[in-house]
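Data first, discussion second: the structure below is written as structure tokens.
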Amino acid sequence: PLTGLYNRRYALPRLTEIARDAMREKDSFAVMALDLDRFKRINDCHGHASGDAVLRDVAARLEAVIGSSGITARLGGEEFLAVLPGVGEREAWTRAEEVRRVVEARPVMLPDLSGGGHVGITLSAGVAIGRCVSATFQPERLAEMSLERADRALMSAKALGRNRVMLAQAEHAA
């Protein structure tokens, strides 16, 4: 309800459906793990109403970039997910970079109840491409592996200084 995006309970089964479709069509899909940088600082310095305002604003920006070409969800806290069916590495990285730039481009206005003003925000993103090379591989496992790889790429982006997009190394499901 806070962001208007899908939640984890909806997104993860939908990711499995997208993996199943990609396997059937011998296509790929992109998984983006997105996390706001230093979000705790916003809550600590400006209050939870400001944190909520940031989450709503970022969700709207994410939805504006991804739109109907994929699904967007808030997995929890300040972590978001985007899944793009039929997308390869180049397009996935380009879209993730667009999300990163759109989030960074302008500060978020804070609610008057929190003192007003604005706060700059950035995000880090990990991108993985789901692709299956074996007809015996299960869609649930492909979805899980793709999300895990995107999450590892996200952790690399954070470790390298935040506010960046990292593409997961290619792995083939066998």
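Kindly express, to the nearest 10 degrees and within the range 0 to 90, the angle between helix 48-66's C-alpha long axis and the longest C-alpha principal axis of the chain.
Roughly 40 degrees, rounded to the nearest 10.
Note the full-extension length gain between Glu148 and Arg56 as 0.36 nm times their separation in residues minus their Cα-Cα distance, in nm to one decimal.
Here the answer is 30.6 nm.
Calculate, for Arg41 and Arg20, the FRET efficiency according to 1/(1 + (r/R0)^6) with r their C-beta to C-beta distance and R0 35 Å; round to the nearest 0.05.
That gives a FRET efficiency of 0.30.
Kindly report the accessible area of the chain per residue (heavy atoms of protein chains, probe 1.4 Å, no ligands, DNA or RNA), in Å².
50 Å²
Using helices alone, what [θ] at 222 nm do you get for the chain, with -39,500 (n - 2.57) per DSSP H run of 4 or more residues, divided over all residues and rounded to the nearest 500?
Counting only the DSSP helices, I get -16000 deg cm²/dmol.
Note down the accessible area of Asp27, probe 1.4 Å, to the nearest 10 Å².
Looks like 70 Å² after rounding.
Remind me, relative contact order of the chain in percent, using alpha carbon pairs under 8 angstrom and six or more residues apart?
Contact order relative to length: 29 percent.
Can you check how the C-alpha radius of gyration of the range 40-174 compares to 2.2 N^0.38 Å, as a plain ratio?
In units of the 2.2 N^0.38 Å rule of thumb, it is 1.16.
List the trypsin sites (Lys or Arg not before Pro) in the range 35-78 that DSSP assigns to loop (not H, G, I, E or B) and whose Cβ has at most 16 other Cβ atoms within 10 Å. Which are they?
For trypsin sites (Lys or Arg not before Pro) across the range 35-78 that sit outside H, G, I, E and B with at most 16 neighbouring Cβ atoms in 10 Å, the list reads Arg38.
Counting only protein heavy atoms and using a 1.4 Å probe, what share of the accessible area of the chain belongs to carbon plus sulfur, as a whole percent?
Answer for the chain: carbon and sulfur cover 51 percent of the accessible area.
Rounded to the nearest 0.05, what FRET efficiency do Gln138 and His118 give with R0 = 41 Å and r taken as the Cβ-Cβ distance? Could you check?
The pair Gln138/His118 has a calculated efficiency of 0.30.
Report the Cα centroid-to-centroid distance between the range 28-59 and the range 121-140 in angstrom, as an integer.
Distance between centres, Cα-based: 22 Å.
Please state the charge dipole magnitude for the chain, taken about the Cα centre, from unit charges on C-beta atoms (+1 on K and R, -1 on D and E), reported in debye and rounded to the nearest 20.
Result for the chain is approximately 160 debye, rounded to the nearest 20.
If one takes the longest principal axis of the Cα atoms in the chain, at what angle in degrees, from 0 to 90 and to the nearest 10, does the Cα axis of helix 89-105 lie?
Taking Cα atoms only, the helix is inclined about 10 degrees.
Taking every DSSP beta bridge that has both residues in the chain, what percent is antiparallel when rounded to the nearest 5?
80 percent
Could you tell me the accessible area of Arg95 in Å² (1.4 Å probe, neighbours in place), rounded to the nearest ten?
So the heavy atoms of Arg95 present about 40 Å² to solvent.
Taking the Cβ of Ala30 as the center, what net charge do the other residues with Cβ under 13 Å away carry, scoring Lys and Arg +1 and Asp and Glu -1?
Here the count lands on -1.
The values are calculated or read from the model by the stated rules, or taken from the named source; none is laboratory data. The shown structure was predicted, so the numbers you read here are calculated from the model rather than taken from an experiment. Positions of Cβ are backbone-derived with ideal geometry, glycine not excepted, and every protein chain shown enters the neighbour counts. We work out accessible area using only protein heavy atoms, side chains counted, and drop any ligands, DNA or RNA first. Shrake-Rupley method; radii C 1.70, N 1.55, O 1.52, S 1.80 Å.
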